[in-house]
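Note sheet for the following structure.
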Amino acid sequence: MRLPILGLLAATALLSVSACTTMGQSAPSSADYAAALADPARPAAERARDGARLPAELLAFAGIRPGMIVGDYIMGGGYLTRILSGAVGPTGHVYAFQPAEFIAFRAQYGEDQRQVDAAYANVDAVGGPIAAPPFPVPLDAIITVQNFHDLYLNAFPADSGARASRALFAALKPGGILVVVDHSAADGSGTRDADGLHRIDRAAVIAALTGAGFILDGESNLYARSTDARTHNVFNPAIRGQTDQFTLRFRKPR
């Protein structure tokens, strides 16, 4: 009986080594994004924010690699879009989505999108309704930072969160990844504080996205801040830049 047992142990060890190798190949580290962060085209003001925003760690958590096709959902000023451009490289592509409602509210959002689109050959601007982003091709990954709560602002229809969740699901390839970072609201508060405090309960995000078909694939405490009581508006000077934020990774089933 010893030989079969030894054979089984050897096979198990081999499988373990193979699994570790595969996992190592599929899990980039923050060091892989050094060139993207060093891009001289990035504005100095954005470079100064890297220490707090930890973009390399975020992209490693999302598994962003060269050659991927990625969506930046609600790109804002383009901070993450510029870094994603370098991270996916010339063989990859970034689709930078700016909601039409945001541009109508503040024209600068449209100008920011145009500038980033013009500066990077592998970036294309995408516009449309916030709950129906018209990404033109299936994506490997989508990242949205500090924006999911916007779907529950009073200015938008009550079903915007559910519709956007389904649209993001549809935009991804089978097995594709969605990473959501947002400001934490009080546990059990749901979407109540989205408009007043610009926060959302982590559980509400999970419910919306799993309801659309996603599987919760991972979570990071990258932006966890235990000193945040979650009761202030995120733009309040007393807490701005120091809010407690959750970081969730979802996967579309294959």
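For the stretch 88-103, the count of residues that are hydroxyl-bearing (Ser, Thr, Tyr), on the phi < 0 side of the Ramachandran plot and outside any helix (DSSP H, G or I) is at least one. Hey, any hits in the stretch 69-76 for a residue that's on the phi < 0 side of the Ramachandran plot and in a loop (DSSP other than H, G, I, E, B)? Yes: the stretch 69-76 contains one or more residues that are on the phi < 0 side of the Ramachandran plot and in a loop (DSSP other than H, G, I, E, B).
Screening PHE169 with (1) farther than 24 Å from ASP72 by Cβ; (2) surrounded by 17 or more Cβ atoms within 10 Å (Cβ to Cβ); (3) of a type outside the set (Gly, Ala, Ser) gives one miss only, at (1).
For the condition modelled with pLDDT under 95 and either within 24 Å of LEU54 (Cα to Cα) or outside any loop (DSSP other than H, G, I, E, B) (or both), ALA203 does not qualify.
Just checking, how many residues over the stretch 172-193 are of a type in the set (Gly, Ala, Ser), surrounded by fewer than 21 Cβ atoms within 10 Å (Cβ to Cβ) and over 14 Å from ARG254 (Cα atoms)?
So the answer is 4.
Residues of the stretch 137-190 that are in a loop (DSSP other than H, G, I, E, B), of a type in the set (Gly, Ala, Ser) and in contact (Cβ under 8 Å) with a residue 24 or more places away in the chain: ALA155, ALA185, ALA186. Taken as a whole, the condition of being among the charged types (D, E, K, R), in a loop (DSSP other than H, G, I, E, B) and surrounded by 15 or more Cβ atoms within 10 Å (Cβ to Cβ) applies to ASP228.
The values are calculated or read from the model by the stated rules, or taken from the named source; none is laboratory data. Source: prediction; values computed, not measured. Ideal geometry is used to build each Cβ from the backbone, glycine not excepted, and the neighbour counts take in all protein chains shown.
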